[in-house]
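Colleague: I have a structure here, written as structure tokens, and I will follow up with some questions on it.
The values are calculated or read from the model by the stated rules, or taken from the named source; none is laboratory data. For clarity, every value in this text was computed on a predicted model and none was experimentally measured. Methodologically, a virtual Cβ is constructed for each residue, glycine included, from the backbone with ideal geometry; neighbour enumeration extends over all protein chains shown.
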Amino acid sequence: MTPIKTLDSRLRGNDKRCLITSAKLGGMLSIRNLCKSYAGPRPRTVLNGIDLTLAPGDYVAVMGESGVGKSTLLNLVAGLDRADSGSIMLDDNELTTLDDDALTAVRRVAMGFVFQAFHVLPYLTVAQNVALPLSLIGADAASTARRVDGMLAAVGLADRGASMPRELSGGELQRVAIARALAHGPRIVLADEPTGNLDPDTAAHVLALLRDQAKAKRAAGILVTHSQAAAKTADRVLLLTPEGLRDLGPA
């Protein structure tokens, strides 16, 4: 378990922030009655009464039609957007009450992200990309080197640390993204259509790798996908509809 208080000294001066920065996170995620709507000329409710509980090591797939709110759910869990109402608890910490600085600290320490578009920085080497989350939490050089080497080996890229992203295939770039997402030992892994740009064979390999590495780190994982094949790599499948989140059972 990671003590957040050691990772962002800027957050120590505010009592509300200290609640989260002094906590040790085990990785239990509990979402209760989460609601989100958007105003405008055509106001619409995107999420309505969402409930979800994930223990460390749980790995679920969230499916649903386009526009139903799958990515919005990930953004709310990550603190990148604000819910209208409801609760998001990480262990005993209520994330919806934290300010932006505290949420940034939580993301740095407790969350890893894998996106469809990779978001690998083109001007950094593979190893430097994987090291980014470690540098954000102030890990020392020796520890960073060990973790980067370990993660690159785990995703089958032990010999590509000095390579530039332009020298890698799409599948290799997504493996870099997985290594980066898990290098700092996050408690929650959020993956948004991580294989949407890959061919089926490469996608299958990347999905298995993401699942296996998340479970090896005892991270709870939420995989958002349109793909039935991708959903089958999860422990169970959830269907998001305008009425809420329905558990379809084991994948």
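Colleague: May I ask you to say which residue of L245, L182 is touching a helix residue (DSSP H, G or I) at 6+ places or on another chain (Cβ under 6 Å) and closer than 21 Å to M28 by Cα?
Modeller: Numbers: L245 fails: touching a helix residue (DSSP H, G or I) at 6+ places or on another chain (Cβ under 6 Å).
Going through L245, L182 in turn, the sole match is L182.
Colleague: Here's a follow-up. Quick check: anything in the range 233-241 in contact with a helix residue (DSSP H, G or I) (Cβ under 6 Å, 6 or more places away or on another chain), of a type in the set (A, V, I, L, M, F, W, C) and over 17 Å from A117 (Cβ atoms)? Let's see the steps before the verdict.
Modeller: Restricting attention to the range 233-241, the residues satisfying the condition of being in contact with a helix residue (DSSP H, G or I) (Cβ under 6 Å, 6 or more places away or on another chain) are 233, 237, 240.
Going one step further and asking which of them are of a type in the set (A, V, I, L, M, F, W, C), we end up with 237, 240.
Restricting the remaining residues to those that are over 17 Å from A117 (Cβ atoms) gives 237, 240.
Scanning the range 233-241, I find at least one residue that is in contact with a helix residue (DSSP H, G or I) (Cβ under 6 Å, 6 or more places away or on another chain), of a type in the set (A, V, I, L, M, F, W, C) and over 17 Å from A117 (Cβ atoms), so the answer is yes.
Colleague: Let me ask something else about it. Being at pLDDT below 95, of a type outside the set (D, E, K, R), closer than 17 Å to L245 by Cβ and in contact with a Leu (Cβ under 6 Å, 6 or more places away or on another chain): is that true of V68 here? Don't jump to the end; show me each part of the working.
Modeller: Working: at pLDDT below 95: yes; of a type outside the set (D, E, K, R): yes; closer than 17 Å to L245 by Cβ: yes; in contact with a Leu (Cβ under 6 Å, 6 or more places away or on another chain): yes.
When the stated conditions are applied, V68 passes them.
Colleague: In this structure, is V126 over 15 Å from V189 (Cα atoms), of a type in the set (A, V, I, L, M, F, W, C) and touching a Leu at 6+ places or on another chain (Cβ under 8 Å)? Steps first, please.
Modeller: Numbers: over 15 Å from V189 (Cα atoms): yes; of a type in the set (A, V, I, L, M, F, W, C): yes; touching a Leu at 6+ places or on another chain (Cβ under 8 Å): yes.
For V126, the condition - over 15 Å from V189 (Cα atoms), of a type in the set (A, V, I, L, M, F, W, C) and touching a Leu at 6+ places or on another chain (Cβ under 8 Å) - is met.
Colleague: Which numbered condition trips up V46, out of (1) within 20 Å of the chain's Cα centre (by Cα); (2) assigned to a strand (DSSP E or B); (3) of a type outside the set (S, T, Y); (4) buried (at least 19 other Cβ atoms within 10 Å of the Cβ)?
Modeller: (1)
Colleague: Filter the range 73-83 for residues that are within 13 Å of the chain's Cα centre (by Cα) and not small (G, A, S); which is surrounded by the most Cβ atoms within 10 Å (Cβ to Cβ)?
Modeller: In the first step, residues of the range 73-83 are kept if they are within 13 Å of the chain's Cα centre (by Cα); the result is 73-80.
Those left that are additionally not small (G, A, S): 73-77, 80.
Numbers: L73: 28, L74: 20, N75: 17, L76: 25, V77: 22, L80: 15.
That would be L73.
Colleague: Same structure again: For the range 151-175, name all the residues that are exposed (fewer than 14 other Cβ atoms within 10 Å of the Cβ) and within 20 Å of the chain's Cα centre (by Cα).
Modeller: Those that are exposed (fewer than 14 other Cβ atoms within 10 Å of the Cβ) and within 20 Å of the chain's Cα centre (by Cα): none in the range 151-175.
Colleague: Separate question: Find the helices (runs of 4 or more DSSP H) located wholly in the range 108-225 whose residues include 3 or more that are polar (S, T, N, Q) and over 18 Å from L74 (Cβ atoms), and list them. I'd like the intermediate steps shown before the answer.
Modeller: Details: elements: 126-136, 141-154, 170-182, 200-216.
Answer list for the range 108-225: 126-136.
Colleague: Do you know which residues across the range 59-72 are part of a strand (DSSP E or B) and surrounded by fewer than 16 Cβ atoms within 10 Å (Cβ to Cβ)?
Modeller: Narrowing the range 59-72 to residues part of a strand (DSSP E or B): 59-63.
Hits for the range 59-72: nothing passes.
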